[in-house]
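The values are calculated or read from the model by the stated rules, or taken from the named source; none is laboratory data. Keep in mind it's a predicted model, so treat the numbers as computed, not measured. Here Cβ is always computed from backbone atoms with ideal geometry, including for glycine, and neighbour counts include all displayed protein chains. What goes into the accessible areas is simple: the full protein's heavy atoms, side chains included, and nothing from ligands, DNA or RNA. Shrake-Rupley method; radii C 1.70, N 1.55, O 1.52, S 1.80 Å.
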Amino acid sequence: MDCTKRERLHAVRDGILQARDWHANERASRPSVAEWYAGRSVFITGGSGFLGRVLIELLLRSCPDIGPIYLLMRSKKGVDPKDRLGVLLDVPLFDRLRAEQPAALSKVRTVPGDIEAPSLGLSDADRQLLCAEVSVVFHVAASVRFDDPLQKALRTNLQSTKDIVQLARDMPRLKVLVHVSTAYSYTNQNPIEEHVYSNTLDWRRALQLAELPAKDQKAIDFLGPKLRGPQPNTYTFTKGLAEHLVQEASRDLPIIIVRPSIVVTSHSDPLPGWIDNLNGAAGIVVANLKGVMRYVNVNLDMALDSVPVDVATKLIVLASWSKGLGLQLSDEQVDVVNATVGTDFGLNFSEAAHLQHKHGVDYKVPYPGSLRPPSLRYEPCPVLYALLHFYHHLVFAFVVDLLARALGQKPRALGLYRKLAIGMQSIAPFMREFTFIMKNQRTLQEMIHPSDLKTLDFLEIYNGRDSEEQMVATMVNQMRGVLLYTLKEEFNVEKNSARLRRLGWVLRAYHSVMALLFFGIVAVLYKVISYSGDAARWT
């Protein structure tokens, strides 16, 4: 990290600490998050997802006197929600909570339902239970697929938000509804400030499209790009519409919007490197360390905003607490918090490449089952990238599939690269640098109660980007977390490193053979062309 960026990092950190000192008495006079949540019941949609599970763990650990936490869950593959809950909680994410507060997990309860079903699929009895008990609602559930048909995305991301708002209106004890959106709801804006922007389509008209019969789906999907306007996909489009819906609902409901950017592995809390999916950055980590991906076409000076999941959830909890206390973060109709890290604190691709190569980061966590040793490179030139992609990806995949066929195995490599290409194409609209304004986020950090600093403060993330060694440690934790918690594979440095060394010898032999083959083809072509020229002269 360059000196200028480090100075800005220190300035932000010192500014937050200074503001805390200035407002020490005011901060201490308010109830802490733990005190405010004491005895309150919580309802969460999306509790089985990556962000949702970390949110559950944080609420239980930081608020020991919290009431029951109700999770909206549907049956999946014939498994009842209650049975799914056991699997949901039986992961290393909750090990620290089990050790410190063994009885806490008994507060988590399931409510059968489905965000895609009318009125969330709730039974009358469960609806009455939630309305009678719940005072805090977190709407986290959403379809994050970028290629969902428009009608499906509208039902999942917009209709469910309307149903949550209607449910919240029937809750006499409601203190706050937190709507978890995305920092990329308005990719046509830059910088992206902490307020709701205008949209090309009214959310009511959009819901009418979602209610049209199935026979009209193809026509709606055909019109989708025109209806979306500047939005790159149905995900960002429907999340922006949902923000408009909750902004209107905030006239009579206590609502706050939190917008995480690209959510990545946990920084440290409750354990470093926790992740349970291969979305976004985790997929690229695996593609690199499994030896699949060799080159990415990106601008080396660009820094993507990636927020650790523990930072995002701490902001979500702090936002719920501030709104629950009736505090106003801004002059907007509805408060919006960008749960982002900011370009000042994120590594650009040039800096990441420097750390990877200087410290041999890719070899610190060798992955089993790799096709070849990891070696990810960032290439900004589209023409050169196309050539490198052809040789290092497509030709390599063709050879691997050829060998698989010869050994009587199913060829998979070309199909894998096809999926990888589709995935990279879907995230292309986000592969540019956005500037996120984080005024409300800073305010939340400044007003945190002194007794909540141990569990909800995340200033350490700034310290964690203060030196190369700390940044390398963060990268290693991310790679190790994906291996252990998502892939659930063996972390054996000695065994896997020995395999990578053997693959290195094979790869060098492969490149030598390909070079001989290339020059052989060139020589044959030269001979053919020369012979054709001589024959033409003789005739």
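Filtered by the rule that a residue be among the hydrophobic types (A, V, I, L, M, F, W, C) and either at pLDDT below 95 or closer than 30 Å to residue 424 by Cβ (or both), segment 123-176 gives 140, 141, 142, 144, 146, 150, 153, 154, 158.
Does residue 365 count as β-branched (Val, Ile, Thr), in a loop (DSSP other than H, G, I, E, B) and touching a helix residue (DSSP H, G or I) at 6+ places or on another chain (Cβ under 8 Å)? Yes: the conditions hold for residue 365.
Scanning segment 248-267 for residues that are touching a helix residue (DSSP H, G or I) at 6+ places or on another chain (Cβ under 6 Å), among the β-branched types (Val, Ile, Thr) and either open to solvent by 20 Å² or more (accessible area, probe 1.4 Å) or in a loop (DSSP other than H, G, I, E, B) (or both) turns up 263, 265. Among the candidates 95, 147, 90, the residue that is free of Cβ contacts under 8 Å to residues at least 40 places away in the same chain and open to solvent by 50 Å² or more (accessible area, probe 1.4 Å) is uniquely 90. Considering 169, 205, which residue is in contact (Cβ under 8 Å) with a residue 24 or more places away in the chain and open to solvent by 40 Å² or more (accessible area, probe 1.4 Å)? The unique qualifying residue is 169. Here residue 245 clears all of (1) farther than 29 Å from residue 335 by Cα; (2) touching a helix residue (DSSP H, G or I) at 6+ places or on another chain (Cβ under 9 Å) except the condition numbered (1). Of the candidates 199, 190, the single residue that is part of a loop (DSSP other than H, G, I, E, B), in contact with an Asp or Glu (Cβ under 9 Å, 6 or more places away or on another chain), surrounded by fewer than 17 Cβ atoms within 10 Å (Cβ to Cβ) and not hydroxyl-bearing (Ser, Thr, Tyr) is 190. Among the numbered conditions (1) assigned to a loop (DSSP other than H, G, I, E, B); (2) aliphatic (A, V, I, L, M); (3) open to solvent by 10 Å² or more (accessible area, probe 1.4 Å), the only one that residue 275 does not meet is (3).
Scanning segment 320-334 for residues that are surrounded by 21 or more Cβ atoms within 10 Å (Cβ to Cβ), farther than 14 Å from residue 446 by Cα and among the small types (Gly, Ala, Ser) returns 320, 324.
Rundown of residues vs (1) open to solvent by 40 Å² or more (accessible area, probe 1.4 Å); (2) at pLDDT below 90; (3) in contact with a Gly (Cβ under 8 Å, 6 or more places away or on another chain), yes/no style:
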| position | (1), (2), (3) |
| --- | --- |
| 484 | yes, no, yes |
| 492 | yes, yes, no |
| 506 | yes, no, no |
| 516 | yes, no, no |
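Going by the conditions given, is residue 243 in contact (Cβ under 8 Å) with a residue 60 or more places away in the chain and among the charged types (D, E, K, R)? Judged against the criteria, residue 243 is a match. The combined condition, being closer than 26 Å to residue 152 by Cβ and surrounded by 14 or more Cβ atoms within 10 Å (Cβ to Cβ), is not fulfilled by residue 80. The residues of segment 350-408 that are open to solvent by less than 10 Å² (accessible area, probe 1.4 Å), within 28 Å of residue 476 (Cβ to Cβ) and among the hydrophobic types (A, V, I, L, M, F, W, C), listed by number, are 355, 361, 365, 376.
A count restricted to segment 211-238 and to residues that are at pLDDT 80 or above, under 25 Å from the mean Cα position of the chain (by Cα) and part of a helix (DSSP H, G or I) stands at 6.
Counting only helices (runs of 4 or more DSSP H) that fall entirely inside segment 1-112 and contain at least 3 residues that are closer than 30 Å to residue 467 by Cα and either touching a helix residue (DSSP H, G or I) at 6+ places or on another chain (Cβ under 8 Å) or not small (Gly, Ala, Ser) (or both), the qualifying elements are 3-22, 50-62.
When you scan segment 435-453, do you find a residue that is open to solvent by 30 Å² or more (accessible area, probe 1.4 Å), over 17 Å from residue 311 (Cα atoms) and basic (Lys, Arg), even just one?
no
Would you call residue 513 within 43 Å of the chain's Cα centre (by Cα) and assigned to a helix (DSSP H, G or I)? Yes, satisfied.
Report, by residue number, each residue of segment 123-141 that is surrounded by 21 or more Cβ atoms within 10 Å (Cβ to Cβ) and among the aliphatic types (A, V, I, L, M). Spell out the reasoning first.
Keep residues of segment 123-141 that are surrounded by 21 or more Cβ atoms within 10 Å (Cβ to Cβ), which gives 130, 134, 136-141.
Scanning segment 123-141 gives 130, 134, 136, 137, 140, 141.
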